[in-house]
Every structure is written in structure tokens, then in C-alpha cells.
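To start, the structure under review is shown below, and the notes come after it.
Just so it is clear, none of the values below were taken in a lab; they were calculated from the coordinates. Values in this document were obtained by computation on a predicted structure and should not be read as measured data. Please note: Cβ atoms are built from the backbone with ideal geometry, for glycine as well, and neighbour counts cover all protein chains shown.
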């Protein structure tokens with residue numbers, strides 16, 4: 001009898017054990033298991049709000065040197081990277097016939113000079129002729145008064161004197177015309193000379209040649225750049241910041257700059273300009289950031305990452321950003337009490353780049369909040385708090 | 001009254017338990033197959049839950065973005081925000097690609113989303129959400145990426161800042177979430193060689209590289225190097241808004257297609273995963289039939305092995321009810337052991353599967369009921385055979 005009871009007990013024990021195993025499996029492994037969560041407490045401390053953007057290195061002042069007329073490039077005297085001084089000849093365009101036109105103008109001026117000399121000689125001649133005619137007429141008038149010559153002869157002499165004076169006027173006018181001719185020819189020479197000067201491209205500033213765009217022999221149209229010169233002291237960054245994060249950016253805020261070619265080093269800088277016009281298509285704001293100390297060699301157009309400190313909060317409450325959830329269009333956090341969770345709305349402030357969110361209102365220091373969870377939480381859902389859901393990297 | 005079944009089992013318990021365990025493993029396989037089927041469907045539903053969207057707005061006349069390619073201009077959301085009832089909108093892109101990781105590569109679905117808008121992964125299991133507008137990523141656990149790891153996607157390096165669980169595409173590829181603009185760039189930007197070739201090709205085209213028009217070539221090349229499309233705009237609606245009304249409004253006036261969650265489920269489950277789900281379901285049916293047949297054979301042969309003992313029982317005057325009860329109890333006991341072993345095995349090996357295996361309690365209950373029913377049915381056949389045994393077989397045999 002005892003033996004039989006023992007067997008029965010064993011059977012029952014095995015059966016109960018099996019059922020218990022099954023029950024434990026169903027409750028701890030499958031969909032009925034409580035959701036694993038991790039928690040953190042609300043902390044008090046300093047927060048630094050920053051905003052992040054990417055941009056390119058640009059020259060604030062960049063000069064595109066090109067001709068004002070369509071012409072062929074004759075010589076390019078400098079190459080990329082060459083340092084140039086203000087006024088230095090950097091390229092020359094083929095003047096085609098400009099030299100000849102200057103020569104032709106000079107010759108025309110010389111010819112005008114000869115004409116002037118001829119006109120002066122002619123004027124001297126007519127003046128002398130007029131002097132003779134005037135004194136002859138005066139003498140004839142004196143003689144007529146004494147009755148030695150006829151009135152007709154006196155009139156003839158008077159007419160000759162008048163004609164000689166008119167000839168003087170004509171010669172003077174011819175001389176003036178010849179002088180104008182020479183002036184015009186000289187002005188022509190000066191004009192063509194200026195055109196000739198335009199064919200010589202000179203650097204407007206002390207700078208560095210950043211691009212050599214065409215080679216000798218190329219024909220360029222008016223306004224097309226032959227060379228580009230930048231002022232290396234004016235290098236800065238044109239950063240694009242998402243409109244959603246650009247709200248706090250102001251001129252003068254400190255920034256950190258990381259060049260793609262040297263990602264280990266952080267350069268310090270400062271916001272120098274915030275564009276008034278935002279890019280409506282990319283929904284980004286253009287912010288220019290200057291280097292505090294300019295890197296030795298920085299290629300224009302290089303990609304950079306810019307982090308701008310927009311606010312420093314000395315002593316505020318904060319939670320990990322992963323804890324902040326949005327339920328029914330309301331921000332807040334989940335809190336655990338007695339193994340179940342409930343949503344608690346909270347008013348949020350800034351979010352830092354390293355993932356902490358400021359709590360303005362709704363939570364106190366030391367309150368525990370759910371940070372990570374295996375799946376989306378439901379109100380009154382069962383949870384178990386674990387140190388970490390994912391095993392840390394070895 | 002002594003329990004004949006219990007005594008018989010204890011008499012040869014080793015054989016009985018091993019038969020039960022073998023049967024259990026078979027049941028475990030069947031339950032796992034059911035779990036795989038459920039997991040496939042659940043993956044589809046999980047996919048819809050990731051962004052927290054109420055409406056999916058995609059290219060007109062497409063079943064996008066999961067079942068068909070869809071392209072929407074990325075400024076379409078502005079017009080959609082103007083539709084009555086729409087509270088929030090977020091652009092999202094999807095691209096399935098290989099990402100280099102530790103010498104090998106991982107197949108991922110690259111999801112571009114706007115932080116703070118619909119489309120953002122809701123729950124992290126580690127790390128933090130994306131705070132920078134570029135070069136940060138949140139990865140699904142199954143990618144194998146770890147927190148703070150630097151991964152290279154095309155030409156940029158991204159830092160993994162957060163991890164998620166159960167964020168997979170309908171094909172089971174784990175997701176990798178990156179900021180929208182980075183994702184757009186990845187989607188459009190080819191490798192550098194392709195870019196250089198493309199530029200040369202454009203430069204060789206006389207229509208774009210005319211001598212008298214400086215700057216035209218640069219303008220054309222710049223216009224080629226920008227992508228302004230997304231695959232879907234996810235909308236979240238104001239409370240108490242009828243989503244079908246909003247969807248109709250968008251379809252009619254914005255000339256885009258809008259799907260509600262129910263539509264999306266229909267598309268995903270009825271269209272996208274229909275064939276593979278049916279395939280697995282067919283296999284599940286066959287496996288169940290085979291399992292049932294094996295259970296029946298085992299119980300039947302177990303009874304027939306005891307012909308002599310039953311004949312002795314009959315000879316000493318045992319009632320038919322006693323014999324039938326013994327066989328039935330043994331059958332059900334075998335079923336119970338089998339089910340417990342099967343359920344345990346299925347639960348334990350479920351997490352090892354590369355794709356999600358969802359073991360629903362309802363399925364388990366149904367499975368238990370089916371196992372018991374099959375065992376009972378098989379016992380009846382065995383009982384009929386047992387009752388026909390001639391008591392004389394005990395002495396004559």
C-alpha cells in the first residue's frame with residue numbers, strides 16, 4: 001500500500017512539475033511575459049545645448065578674374081596655390097589688333113601735328129600778307145586825301161586789305177581744326193590703350209590663386225573667369241543647420257569645427273553670420289562660422305562638421321532622451337510602480353547632443369523613469385526592471 | 001481500485017518517457033512552424049507599428065512603400081499638413097542595401113526619417129535617440145552593430161547611438177535608421193567612380209557643354225546631384241479624426257494615394273507576404289497531419305505490443321471499461337508529456353531562429369487540445385483492437 005501511494009505521489013509530482021514548467025515558460029518567455037525595461041532617475045546638473053550641422057570650407061572673399069570682352073587667352077602666368085600680390089599680372093589675353101590700332105592712332109596724331117604746322121605757316125603767311133595790304137590801303141587813303149590818286153585806286157587797295165584780313169581768319173580756323181584733329185587722334189590712342197590694358201588681368205588683392213580655369217589658347221566670353229583668387233585670411237565655413245535646430249543660433253556663439261581630412265582634431269571657431277534667408281527647399285539655415293585659428297592648409301570645399309553651443313544651463317533637471325515618449329500628442333515619461341507602468345506627462349526643455357532632455361516641469365529629482373523597453377509600453381502593462389536589455393559589448 | 005495505466009507505465013517507464021519525448025520533439029517542430037507563420041504575419045504588423053503612423057501617403061496608383069516602389073516629392077508634406085485632421089507629418093525613405101561590417105556585410109533596410117516626426121523608431125532597447133541631423137544611426141539588434149560603433153554607409157561614417165528590437169522589413173531584413181537627408185543622399189549618390197563617370201558623360205554631351213554658355217555644365221551637374229524624393233509621407237492624425245475621411249480627401253485633392261492602417265495590413269498580409277505565408281501554412285498543415293498520424297501509430301502499436309497482457313486481464317475477468325480506461329489514460333499521458341516537451345522545446349529554440357518566431361498562447365492551447373484529441377482518437381482505434389483480443393491468446397499464443 002505504501003509502495004503504491006509512493007508511486008502515485010511520484011506520478012502526481014511529475015505531473016505537477018511538468019505543468020509548473022509549462023506555466024513558467026508561458027509566463028516568462030512568450031508574449032505573456034512582462035516587458036523588460038531599464039530605468040534611470042531624474043538628475044540635477046548642468047546641460048549644454050548645442051546644435052549640429054555640416055558645411056563646407058569657403059572663402060568669404062573670392063575674386064573671379066576674367067576679360068570684359070570676348071577674347072583668346074594668350075598667357076596664364078600663375079597656377080593654383082601661387083601667392084599673388086595686389087596689382088600683379090596674372091594672365092594676359094591675346095590683344096589681336098589692339099597694338100596696331102594704338103600705332104595707327106599714334107600715326108594719325110603725328111599726321112595731325114604736321115597739318116597743324118602747315119596751318120601755322122599758312123597763318124603766318126596770310127598775316128604778313130594782310131599787314132602789307134593794310135599799310136598799302138592806308139597809304140593809298142593818305143594820297144587820296146591829298147588828291148594824288150583816284151578814288152577807284154584807293155577802293156581797290158581797301159578791298160585788298162579786307163580780303164587779306166579774311167584770309168588770316170580762315171587760316172586761323174584751319175589751324176584750330178588741325179589741332180582738334182590731333183586731339184582726337186590722341187584720345188583714340190588713349191582709348192585703345194585702355195582696352196589693351198584690359199587684356200592684362202591683374203590680381204585685385206594680396207591672395208592665393210585657388211583655381212586656374214582655362215589654359216592659353218582658349219577663347220573666353222566676356223565675364224568668364226580665367227583665374228580665381230581668394231583671400232586666405234577670409235576662409236570660413238558655410239554650415240547648413242536644420243531649420244528645426246537653428247532657432248538658438250546667434251552671432252558670436254562658440255563653435256567646434258572638425259575637418260573631414262583630420263577628424264581627430266577639433267578646431268575652435270565662432271558664429272560670424274546667420275543668413276537672413278533660409279533655404280526653403282532643403283529646410284536648412286545657412287550659418288557662417290569663422291576659425292579662431294586658421295588651419296595651415298585647408299582646401300576650399302572640404303566637408304566639415306560644426307557643433308555650435310547655443311545655451312549653457314547651469315543647474316537643471318534632466319532625463320535620458322530615450323525616456324521621453326509622446327503619447328496622444330503629449331510629451332512625458334513612463335514610470336513603474338508595483339510592476340506596472342503609467343504615463344506621466346512632463347514639460348520638456350532643451351535636448352543635448354549627447355542625449356539628455358531637460359525637464360522643465362512635471363518631474364522631481366530622483367524620480368525613476370523608464371528609459372529603454374523591449375516593446376512599446378501600454379498603460380498598466382506589466383514590466384520587470386532589468387539593468388540592461390541588451391548585453392553590453394564585450 | 002488500482003490504476004492499471006499508472007502501473008503499466010511504471011512497469012516500463014523508460015520506454016514510455018522516451019516515446020513521449022520523441023513525440024514531444026515532433027510536436028515542438030509543429031508548434032515552431034506555427035510560430036514561424038505567426039511571426040511572419042507579426043513582422044508585417046510590427047513594421048506598421050514602427051513609425052507610429054495613422055496614414056501612409058504614397059505615390060498615386062502604387063501600393064507603396066512596402067509592396068511597390070513609391071516616390072513622393074519631399075515637400076509634399078507641407079500640403080498634407082494643410083489637410084483638415086492631419087496633426088503631424090514625417091518623410092520616410094526605405095532602401096534595402098548591404099552594409100560593410102567587420103569584414104563581412106550585413107543586409108539591412110536603411111530607413112531615413114526625420115527625428116521628432118512620424119517614422120521615428122519609438123522604443124529603444126539601448127542608447128539614445130538621434131540628436132544630430134547627420135551621421136548618426138539607430139540599428140536593430142539583429143544587424144549585429146553595437147552602441148558607439150562606427151559603420152560606413154557609402155561615403156560617410158555613422159555612429160550607432162541606439163539599438164531597437166523587432167524593427168525588421170517585411171522580408172525580415174533588420175532596419176538601420178538614419179536622418180532623412182543622409183538617407184536621401186545614400187539613395188541617390190552612387191559610388192565616386194560612378195559619379196565621376198556620370199560627370200564626364202554629361203560633359204561630353206554638347207547640349208550641356210556649350211562653348212558660349214559658361215556655367216551651364218556646372219548647373220546641369222549640380223541638378224543631377226540632388227535627390228528630392230521620399231518613399232512615403234507618414235501622417236499622424238488629430239484625436240477623434242476619421243482616418244478614412246482624411247484618406248479620401250488626400251486621394252481626391254492632393255493626387256496622392258493614402259492608406260489607413262487597415263489598408264496597409266491588407267496590403268502587407270494579403271499581398272506582400274501572402275505567398276510565403278501560404279507556403280508555410282501549407283507546410284504547417286502537412287506537418288500537423290503527419291504528426292497526428294505518427295501519434296496515432298505510436299499509441300496503436302503500443303497497445304498491440306501488449307496483446308498478451310490484455311488477454312491475461314481479460315482472462316482474469318477484467319471489465320472492458322477497465323481495459324479501455326487504461327489505454328485511454330496511457331494515450332492521454334503520452335500526449336501530455338509530448339505537449340509539455342514540445343512546448344518547452346519550441347519556446348527554448350524560438351529565439352535562435354534568424355527570423356521572428358511568435359508562439360501565441362492561443363496556438364499553444366489549440367495545439368494542446370488537438371494533441372489530446374488526436375491521442376483520444378488514436379486510443380479509440382487501439383481500444384477497438386484491444387477489445388477484439390481473444391482471452392485465449394494469453395495461454396495459446
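Quantify how strongly other chains surround peptide B:163-173 by giving the mean number of their Cβ atoms within 10 Å of each of its Cβ atoms. Can you show the working numbers first?
Details: counts 3, 2, 7, 2, 0, 0, 0, 0, 0, 0, 0.
If you average over the peptide's residues, the count of other-chain Cβ atoms is 1.
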Per principal axis, descending, Cα span of chain B in whole Å: 116, 51, 40
From the convex hull of the Cα coordinates of segment B:71-198, what is the mean projected area in square nanometres? 9.0
Once the principal axes of the Cα atoms of segment B:301-397 are found, what is the range along each, listed largest first in whole angstroms? 59, 21, 16
Computed over the Cα atoms of segment B:1-118, the Rg and Dmax in Å are 26.5, 83
What percent of all Cα-Cα pairs in segment A:47-99 falls into each 5 Å bin, going from 0 up to the bin containing the maximum distance? 4, 11, 18, 17, 13, 9, 6, 6, 5, 4, 3, 2, 1, 1, 0
In whole angstrom, and with the biggest value first, how far do the Cα coordinates of segment A:107-253 range along each principal axis? 117, 42, 24
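Using mean Cβ contacts within 10 Å as the protection proxy, how do A:113-121, B:55-63 order, highest first?
Numbers: A:113-121: 14.9, B:55-63: 21.3.
Going from most to least packed, we get B:55-63, A:113-121.
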Would you calculate the convex hull of the Cα atoms in segment A:34-180 and tell me its volume per residue in Å³? 401
Here the convex hull volume per residue of segment B:136-182, taken over Cα atoms and given in Å³, is 75
Calculate the mean, over all residues of peptide B:126-139, of how many other protein chain Cβ atoms lie within 10 angstrom of the residue's Cβ. 6
Whole number please: convex hull volume per residue, Cα atoms of segment A:233-282, in Å³. 117
In the Gaussian network model of chain A, springs joining C-alpha atoms below 10 Å, which of A:18, A:87, A:244 carries the largest mean-square fluctuation? A:18
Strictly greater than 20 Å: what percent of every Cα pair in segment B:66-129 meets that? 47
Could you tell me how far the Cα centroid of segment B:243-311 sits from the Cα centroid of segment A:355-394, in Å? 36
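Can you sort A:276, A:236, A:334, B:13 so the residue with the fewest Cβ neighbours within 10 Å comes first?
On the way: A:276 7, A:236 20, A:334 23, B:13 15.
Starting with the residue having the fewest Cβ neighbours, the order is A:276, B:13, A:236, A:334.
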Segment B:201-260, Kirkwood Rh and Cα Rg, ratio Rg/Rh at 1.37
With angles folded into 0 to 90 degrees, how steeply does helix B:13-50 sit against the dominant principal axis of chain B? Use alpha carbons for both and round to 10. 20
Using a Gaussian network model of chain B whose springs link C-alpha atoms within less than 10 Å, name the residue from B:304, B:315, B:48 with the highest mean-square fluctuation. B:315
Relative to 2.2 N^0.38 Å, what does the C-alpha radius of gyration of chain A come to as a ratio? Two decimals please. 2.28
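Calculate the all-directions average of the projected area of segment A:203-307's alpha-carbon convex hull, and give it in nm². Intermediate results must be reported in sequence, preceding the final value.
Working: hull surface 36.7 nm².
For segment A:203-307, the mean projected area of the Cα convex hull comes to 9.2 nm².
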Expected sort for B:248-259, B:345-356 on mean C-beta neighbours within 10 Å, highest first, is B:248-259, B:345-356
In degrees, nearest 10, the alpha-carbon axis of helix A:98-146 is tilted away from the dominant principal axis of the alpha carbons of chain A by 30
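Distances longer than 38 Å among the Cα atoms of the protein assembly as shown: what percent of all pairs is that? Kindly include the intermediate steps, with their values, before the conclusion.
On the way: 196859 of 312445 pairs.
Value for the protein assembly as shown (Cα pairs over 38 Å): 63 percent.
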Expressed as a whole number, the average count of other chain Cβ atoms within 10 Å around the Cβ atoms of B:150-157 is 1
Select from B:159, B:241, B:202 the residue whose mean-square fluctuation is largest in a Gaussian network model of chain B (Cα-Cα springs shorter than 10 Å). B:202
Taking Rh as the Kirkwood radius computed over alpha-carbon pairs of segment A:287-394 and applying Stokes-Einstein at 37 °C with viscosity 0.692 mPa s, one gets a diffusion coefficient in µm² s⁻¹ of 192
